[in-house]
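*Asks:* The structure's right below; bear with me while I get my questions together.
No lab work stands behind these numbers, since they all come straight from the coordinates. Since this is a predicted model, take the numbers as computed values, not measurements. Because the Cβ atoms are built from the backbone with ideal geometry, glycine has one as well, and the counts that use them run over all protein chains shown.
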Amino acid sequence: MAKNKTVETQASVKEFLNTIADEKRRQDCSEIIELISEETGLEAKMWGTSIVGFGNYHYKYESGREGDAPFAGIASRSNAITLYLPTGFDQRERLLTEFGRYKTGKGCIYIKKLEDIDTGILRKMVKNSIEYYKVKYSL
């Protein structure tokens, strides 16, 4: 079975943030990381080379594939800031109606800039995501 490419590393989150060329994007990512850390009480860690994740859980699919993943994550991609939150958390659809300007795809939420979203709603989505994983994986 193939190994996961995206695993927790010892790389520096601060150094990663410094690689984001666009100053506004770098600041938005920093603020989102701080918000998620405050909401979860979890330290931001690098997962792979470009995802900042918070906490972790172990999953195992029926196919036998298993691995570790962060409870929540954020990445700066070329076209958007990507938020990694599960699709099954409590009140997801209702919260997204109040979230602001975003797009979704494959379980990710894409935003252009921090001002486009309601950070209070983001806090609720992060909290509900952590609770979802704790129940789903009996943590």
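*Asks:* Under 11 Å from the Cβ of residue 51, count the other residues' Cβ atoms, weight Lys and Arg +1, Asp and Glu -1, and hand me the total.
*Replies:* +2
*Asks:* I've got another one for you. Quick check: net charge around residue 136, other residues with Cβ under 13 Å of its Cβ, Lys/Arg +1 and Asp/Glu -1?
*Replies:* So the surrounding residues net to 0.
*Asks:* Roughly how far apart, in whole Å, are the Cα centres of the range 1-63 and the range 78-139?
*Replies:* 15
*Asks:* Related question: Treating only the Cα positions of the chain as identical point scatterers, give the base-10 log of I(q)/I(0) from the Debye formula at each q in 0.11, 0.12, 0.19, 0.20 Å⁻¹.
*Replies:* Log10 of I(q)/I(0), two decimals: -0.38, -0.46, -1.18, -1.30.
*Asks:* Sorted by average packing, counted as other Cβ atoms within 10 angstrom per residue and highest first, what order do 66-79, 44-57 take?
*Replies:* Output ranking for 66-79, 44-57: 44-57, 66-79.
*Asks:* Then there is this: Cβ under 12 Å from residue 17's Cβ, residue 17 left aside: what net charge do those residues give with Lys, Arg +1 and Asp, Glu -1?
*Replies:* -3
*Asks:* Follow-up question, since we're still on this one. Can you order the peptides 9-15, 82-88 by their average number of other Cβ atoms within 10 Å per residue, highest first?
*Replies:* Output ranking for 9-15, 82-88: 82-88, 9-15.
*Asks:* Sticking with this one: Going by the alpha-carbon gyration tensor, a ≥ b ≥ c the square roots of its eigenvalues, is the range 2-44 rounded (a/c under 1.5) or, if a/c is not under 1.5, prolate (a/b greater than b/c) versus oblate?
*Replies:* Oblate, since a/c reaches 1.5 and b/c is not below a/b.
*Asks:* From the phi of every residue in the range 106-114, what ³J(HN,Hα) in whole Hz does the Karplus formula 6.51 cos²θ - 1.76 cosθ + 1.60 yield, where θ is phi - 60° and glycine or proline is x?
*Replies:* 6, x, 9, 10, 10, 10, 8, 8, 4
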